[in-house]
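Notes to accompany the following structure.
The values are calculated or read from the model by the stated rules, or taken from the named source; none is laboratory data. Remember, predicted model here, so these are calculated numbers, not experimental data. A quick note on method: Cβ atoms are made from the backbone with ideal geometry, for glycine too, and the neighbour counts reach across all protein chains shown.
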Amino acid sequence: MHAKIVLLPGSPVGERLCGVAEEVLTDISVAFGHTFSLVRDKIGEAAERVYGVPLAENTLRLCAQSNAVFIGDANNEAEPFLLRALGIPAKTREYSVGGDEGGRFMIARAVSEEKNALRDMFRAGVRQAAEENIPLSYLLPENQADATIFLDALEAEMKDAQFDQAQEISPSEAMQSLVMSPASVGLLMAPAYAGEMCMTLATCLHGAPMLLHDACIGKKLSVVEPYIPERVKANDDLNPLGAVTAVASLLRYSLRLTEEADCVMSAVKNVLDSGWRTPDMTDMGDGVSCYKMLQLISDQINLAGELLQQRGGQS
């Protein structure tokens, strides 16, 4: 397939993570015979230096006309405006407790407190939970009038999806579940502010931050963004795994390339199962460089491509 993908760095760190995305996407395009047009632009501080504003109109049009968007660093003031302009209601972060697939859970938070964003988030959350057959819990907005609107939307979507595994929980119950039994969470949906608190807690407790990313899934376009802790500096040896798994989500949700997304995730799993770690993933601070980690993953993807070509030649 042919797809246009926009890469948006906002800082030197984001520039390097966009480079990771570019390398993985190039590997996938070669392995599976796709043509990806990778276009770079700017967002946040980088855009201010070039365009004088954090989010230029040309950048917004470029994203709207693309098939997918990769934001190198979401820690900038323009990112929420971009998501709202693209009609994306929520961002979802996935966690794995102890690296166990059975301990996987997700948190989705609304991009804004606007009624449309919250309503669309609830609807999308029900569809995702129903497709993956996982339990759904949710926090309602504090405003009673808003809560009634969203409950109506939730019930209608549940009826259409024939899904009945949803329950309302309080903020204290959500926090307790994330601490005591995160594997039972399934998919937790929350308004913007409450969702941000839940994500922060879960990230601190259960995930190596540089391994995480956010998938912002819209009806027509999706945006992915690696999670970058504020303490990360431009000259740090950046763990590439969050950016690599973000590319997998881009392939899965934006381009509907399930086999290709599975290939990326299998490459990450194979490398980790072989014992390879970056310094930030070990107690002793040893391990391979982040550049070496990316090369190991690329080798796995290239190997998958060679096997596909051999299989095609034999058929």
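Below, the figures for the structure above:
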quantity: Residue that is touching a residue at least 24 places away in the same chain (Cβ under 8 Å), part of a loop (DSSP other than H, G, I, E, B) and not assigned by TED's automatic domain parsing to the domain that holds Glu132, where the choices are Leu25, Leu82, Leu38, Leu55; calculated: Leu55
quantity: From the options Gly33, Gly44, residue that is out of contact with any Ser or Thr (no Cβ under 6 Å at 6 or more places or on another chain), of a type outside the set (A, V, I, L, M) and buried (at least 22 other Cβ atoms within 10 Å of the Cβ); calculated: Gly44
quantity: Residue match in segment 264-279 (condition: under 15 Å from the mean Cα position of the chain (by Cα) and crowded, with 21+ Cβ neighbours inside 10 Å); calculated: yes
quantity: Residue match in segment 71-85 (condition: within 25 Å of Met293 (Cα to Cα), among the hydrophobic types (A, V, I, L, M, F, W, C), modelled with pLDDT of 95 or more and crowded, with 19+ Cβ neighbours inside 10 Å); calculated: yes
quantity: Within segment 170-185, tally of residues that are surrounded by fewer than 13 Cβ atoms within 10 Å (Cβ to Cβ) and not in a helix (DSSP H, G or I); calculated: 2
quantity: Criterion violated by Gly72 - all others in (1) more than 29 Å from Pro135 (Cβ to Cβ); (2) free of Cβ contacts under 8 Å to residues at least 60 places away in the same chain satisfied; calculated: (2)
quantity: Of residues in segment 129-152 being within 21 Å of Pro80 (Cβ to Cβ) and at pLDDT below 85, the one surrounded by the fewest Cβ atoms within 10 Å (Cβ to Cβ); calculated: Glu142
quantity: Helices (runs of 4 or more DSSP H) completely within segment 212-315 that count 3 or more residues being among the small types (Gly, Ala, Ser) and closer than 30 Å to Asn76 by Cα; calculated: 241-249
quantity: Qualifying residue in segment 59-70 (condition: buried (at least 23 other Cβ atoms within 10 Å of the Cβ) and of a type in the set (Phe, Trp, Tyr)); calculated: yes
quantity: Test set (1) over 20 Å from the mean Cα position of the chain (by Cα); (2) part of a loop (DSSP other than H, G, I, E, B) - Gly10 fails condition number; calculated: (1)
